[in-house]
Amino acid sequence: MKFSANLGFLWTDRALPDAIRAAKAAGFDAVECHWPYDQYVDAVASALQQTGLPMLGLNTRRGRTGENGMSALPGCEDEARAAIDEALAYAKATNTGAVHVMAGFAQGADAHATFAENLRYACSQAEGRTILIEPLNGYDAPDYFLNRTTQAAALIKEVGAPNLRLMFDCYHVQLTEGDVTHRLEKLLPIIGHIQVASIPDRGTPDHGELNYPYIWQVLDRLGWDRPIGAEYKPTGDTDASLGWLSAV
């Protein structure tokens, strides 16, 4: 298996360029991040070029204080599209392959229609990049608009853009829906990225409710050959948490 270091959680004590170099030294095959916008894009691009690691993805901004994205918020279309434009520009400058468009806290038909239109906009502006949507669990993100894989699949079908894909985070899916391996098999044609962490503590993927060695086998059988995002929260020093990686 190949793995991507999610630098939103790993090596957060370092500037992003130094975290990229740390991921390379640790043996990761790629990196990804959350919100890199306070980091100088030229320094990030230089670190990626020096290490040879691809940046797989980044998120649109959360938005106003207390928000978790804006793209499903009726009345916030201008802000949402500015955030999409910003994320795509940063992705272009760093040769990042995907942008996760964050929905935000919303409910109802108007939120659905707003999110769908903003996703159409993002897909049309992506210049060959993938647009990702990710269902989040209700424990960590109560009232987040997108919360189930079935809802995400329906949106992807409705929007109808070939570059709109599902970010399948095993941590979120297990907490909300369970049945992770069957869902991986069923949804594989629309999955653009996979992330992992233990359940329920969101730690290293080597303990808890999910049997990750079995999941690696399932993904291998399904032919998944892209890096899997290690989006877990280390309890201390990141380097000290990497025993799981050498055991895969």
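The values are calculated or read from the model by the stated rules, or taken from the named source; none is laboratory data. What you see is a predicted model, and the numbers here were worked out from it, not measured in a lab. Every residue, glycine as well, gets a Cβ built from its backbone with ideal geometry; the counts of neighbours run over all protein chains shown. Side chains included, ligands, DNA and RNA excluded: accessible areas come from the protein's heavy atoms. Shrake-Rupley method; radii C 1.70, N 1.55, O 1.52, S 1.80 Å.
Is it the case that some residue within segment 154-166 is open to solvent by less than 10 Å² (accessible area, probe 1.4 Å), outside any helix (DSSP H, G or I) and closer than 27 Å to Lys233 by Cβ?
Yes; the residues of segment 154-166 include at least one that is open to solvent by less than 10 Å² (accessible area, probe 1.4 Å), outside any helix (DSSP H, G or I) and closer than 27 Å to Lys233 by Cβ.
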Return the pair list, or none, for Cβ contacts closer than 7 Å from residues in segment 130-144 that are over 11 Å from Phe105 (Cα atoms) to residues that are among the basic types (Lys, Arg), at least 6 apart or on different chains.
Thr130/Arg165; Leu132/Arg165; Pro135/Arg148
Could you list, in sequence order, all residues of segment 1-46 that are assigned to a loop (DSSP other than H, G, I, E, B) and touching a Ser or Thr at 6+ places or on another chain (Cβ under 7 Å)?
Leu10, Trp11, Phe28, Asp29
Looking at Pro36, Pro54, can you tell me which residue is farther than 17 Å from Ala126 by Cα, of a type outside the set (Phe, Trp, Tyr) and open to solvent by 30 Å² or more (accessible area, probe 1.4 Å)?
Pro54
Scanning segment 178-199 for residues that are open to solvent by less than 30 Å² (accessible area, probe 1.4 Å), of a type outside the set (S, T, N, Q) and either outside any strand (DSSP E or B) or without any contact (Cβ under 8 Å) to a residue 40 or more places away in the chain (or both) gives Gly178, Val180, Leu184, Leu187, Ile191, Ile194, Val196, Ala197, Ile199
Criterion violated by Arg64 - all others in (1) more than 28 Å from Pro205 (Cα to Cα); (2) open to solvent by less than 60 Å² (accessible area, probe 1.4 Å) satisfied:
(2)
Residues (in a loop (DSSP other than H, G, I, E, B) and among the acidic types (Asp, Glu)) located in segment 89-144
Glu127, Glu134, Asp140, Asp143
Just to verify a result, which residue in segment 200-229, among those that are open to solvent by 20 Å² or more (accessible area, probe 1.4 Å) and assigned to a helix (DSSP H, G or I), is nearest to Val159 (Cα to Cα)?
Leu222
Within segment 115-143, how many residues are open to solvent by less than 20 Å² (accessible area, probe 1.4 Å) and within 20 Å of Ala197 (Cα to Cα)?
7
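Select from segment 101-112 the residues that are touching a residue at least 12 places away in the same chain (Cβ under 8 Å) and surrounded by fewer than 21 Cβ atoms within 10 Å (Cβ to Cβ) and list them in ascending order. Before you say what the answer is, go through the steps one by one.
Within segment 101-112, the subset touching a residue at least 12 places away in the same chain (Cβ under 8 Å) is 101-107, 110-112.
Answer for segment 101-112, where residues must be touching a residue at least 12 places away in the same chain (Cβ under 8 Å) and surrounded by fewer than 21 Cβ atoms within 10 Å (Cβ to Cβ): Phe105, Gln107, Asp110, Ala111, His112.
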Determine which single condition Tyr232 fails, assuming it passes every other condition in (1) assigned to a loop (DSSP other than H, G, I, E, B); (2) among the hydroxyl-bearing types (Ser, Thr, Tyr); (3) surrounded by fewer than 21 Cβ atoms within 10 Å (Cβ to Cβ).
(3)
